[in-house]
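Each value in this text was obtained by applying a stated rule to the coordinates, not by laboratory testing. Fair warning: this is a prediction, and the values are worked out from it, not measured in the lab. Glycine gets a Cβ as well: all are built from the backbone with ideal geometry, and neighbour counts include every protein chain shown.
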Amino acid sequence: MTVDQQAGSAATTAPRRRSRREEILAIAVDLFATRGYHGVSMDDIGSAAGVTGPALYHHFAGKEAMLAAALAPVSDGLLAGGRERVAVHSDDPRAALESLIDFHVDFALANPAVIALHLHELDRLPEEPRRRIRRLQRLYVEEWVAVLTAVRRLLPAEARVLAHAAFGLMNSTPFLGGEVDRSRRAALLRAATLAALVGDPAC
């Protein structure tokens, strides 16, 4: 491999640097998750980001815009990722279920602040983006329902109960401390979720 090829390879594998807008949004998300939406002002966000008021409004119209920018892409990404994993294992429902669990646990461990916002602050959004996010969430749930009804002899409504229970387990990451390292937390969450979904076939 030539030097130019090596440089090109490194360029394709290097992580993309976050834009200033993305950096500000990440700071806002952490503040919202820690203090609550109403406990954070635009001045607080600007101070934490080292951005003056006018510069901050150049990136976002206000707190609602920040919240929408933080939450909407998450639901899009979960639905797309869930569908992809189900499609890869279309001939093996059990493998599809395990892949869905792996996917969601990885997301939950990487994004505890975003999960906290979904749990506590989604209703702060205006009606249109809130309704869109709720619709995406329902579609994501239905991916799980389809797999669960294929793995177990369940009615869709019963599978929906189990799916929401599984999300409760996996989305507990905002409340977990750092006493257990990440890889072990991932293993525990995966095992607990799988057991909750398929551990007792008599149910």
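Dipole of the chain (Lys/Arg Cβ +1, Asp/Glu Cβ -1, origin at the Cα centre): which of Ile133, Gly50, Ala187 lies farthest to the positive side?
Looking along the dipole axis, the top candidate is Ile133.
Tell me, what ³J(HN,Hα) does each residue in segment 179-193 have, in order and in whole Hz, if you take phi through Karplus 6.51 cos²θ - 1.76 cosθ + 1.60 with θ = phi - 60° and put x for Gly and Pro?
The phi angles translate into 5, 10, 5, 4, 4, 6, 4, 4, 5, 5, 5, 4, 5, 5, 5 Hz.
Using a simple charge model, +1 on the beta-carbon of Lys and Arg, -1 on the beta-carbon of Asp and Glu, nothing else, what dipole does segment 71-181 show about its Cα centre, in debye to the nearest 20?
Around 500 debye, computed over segment 71-181.
Once you sort the root eigenvalues of the Cα gyration tensor of segment 113-203 as a ≥ b ≥ c, which label holds: rounded (a/c under 1.5), prolate (a/b larger than b/c) or oblate (the other case)?
oblate
Mind ordering 93-106, 39-52, 110-123 by average Cβ neighbours within 10 Å, highest first?
Highest mean packing first, the order is 93-106, 110-123, 39-52.
Pairing the Cα long axis of helix 112-121 with the longest principal axis of the chain, what angle in degrees results, from 0 to 90 and rounded to the nearest 10?
90
Can you give me the Kirkwood hydrodynamic radius for segment 117-167, using every pair of distinct Cα atoms, in Å to one decimal?
12.0
So how strong a dipole does the chain carry about its Cα centre when Lys and Arg Cβ are +1 and Asp and Glu Cβ are -1, to the nearest 20 debye?
Roughly 180 debye for the chain.
Please give the helix 63-88 orientation as an angle from the longest Cα principal axis of the chain, in degrees from 0 to 90, rounded to the nearest 10.
Helix 63-88 sits roughly 30 degrees off the main axis of the chain.
May I have the convex hull volume per residue, in Å³, for the Cα set of segment 85-148?
Dividing the Cα hull volume of segment 85-148 by its residues yields 85 Å³.
Starting from the Cα gyration tensor of the chain, multiply each eigenvalue by 5, take the square root, and state the resulting semi-axes largest first in whole Å.
So the three semi-axes of the chain are 33, 24, 17 Å.
For the chain, what is the relative contact order in percent, using Cα pairs closer than 8 Å and at least 6 residues apart in sequence?
Relative contact order for the chain comes out at 21 percent.
Which trypsin sites (Lys or Arg not before Pro) does segment 116-203 hold that lie in a coil by DSSP with at most 11 other beta carbons within 10 Å?
Answer in residue order: Arg153.
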